[in-house]
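Below: one structure, written as structure tokens.
The values are calculated or read from the model by the stated rules, or taken from the named source; none is laboratory data. In this text the structure is predicted, and so the values were computed from the model without any measurement. FYI the Cβ positions are ideal-geometry reconstructions off the backbone, even for glycines, and counts take in every protein chain you see. Note: areas computed on protein heavy atoms with side chains; ligands, DNA, RNA excluded. Shrake-Rupley method; radii C 1.70, N 1.55, O 1.52, S 1.80 Å.
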Amino acid sequence: MQEYISKQQRILRPAEQIFAAVSRFDNLTPAVADRVEEWQADEEHCSFKAKGFTVKLRMAERVEPKHVKIVGDEGGVPVDFAFWIQLHKVSDTDTRLRLVLHVELNMMMKMMIGSKLQSAVDQIAEGIAKAMNS
């Protein structure tokens, strides 16, 4: 299983506040709904279309205020993966965020999309940090 780790992002908010926002898919609706097709979300699950493929995700684990683990839901993603949103509380108003993607790819897929996955986790981490810092 390959691992893609984002650059660490600094968010000037309490870890508990960030956790509350990222631990429910329905909280992401304002940030995501206009960027993907057919976005649907509740607290535990979400689905959307990306490049013609339906993606289904579910919250697999939450440890407040430290991390959230997201996995593919049944029938939604053709590869085995886990996506972690990790939060490290530095102080009451300083939290570090890092994303970690564990994904099972064969060598060909790794060569084809590995750098794109790394770029994607960095962009998502940056996007969360920008949204939370504004």
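For region 46-92, the Kirkwood estimate of hydrodynamic radius, built from reciprocal distances between every pair of different alpha carbons, is 12.0 Å. Peptides 20-26, 90-96 ranked from most to least packed give 20-26, 90-96, packing being the mean of other C-beta atoms within 10 angstrom over each peptide's residues. Roughly what % of Cα-Cα distances in region 1-74 sit above 20 Å, to the whole percent? Considering region 1-74, 39 percent of its Cα-Cα pairs are separated by more than 20 Å. For region 1-117, what % of the accessible area comes from carbon and sulfur atoms, probe 1.4 Å? Ligands and nucleic acids excluded, carbon and sulfur give 52 percent. From the Kirkwood radius over Cα pairs of region 76-134, Stokes-Einstein at 10 °C and 1.306 mPa s returns a whole-number translational diffusion coefficient of 121 µm²/s.
Each residue, L12 and E126, gets one label point 7 Å from its Cα in the Cβ direction; the gap between the two is 2.0 nm.
Here the chain is assigned +1 on the Cβ of each Lys and Arg and -1 on the Cβ of each Asp and Glu. Its dipole about the Cα centre then comes out at about 500 debye. Once the 1.4 Å probe is applied to the protein heavy atoms, region 26-134 comes out at 63 Å² accessible per residue. What is the diffusion coefficient of the chain in µm²/s, taking the Kirkwood radius over Cα pairs and the Stokes-Einstein relation at 37 °C with a viscosity of 0.692 mPa s? In µm²/s, the coefficient rounds to 214.
Using helices alone, I'd like the mean residue ellipticity at 222 nm for the chain: each DSSP H run of four-plus residues gives -39500 (n - 2.57), total over residue count, nearest 500. After summing the helix terms and dividing by the residues of the chain, the value is -9000 deg cm²/dmol. Note on K110: lysines with a C-alpha under 24 Å away, same-chain residues under 8 apart excluded, are K7, K49, K51, K56, K69.
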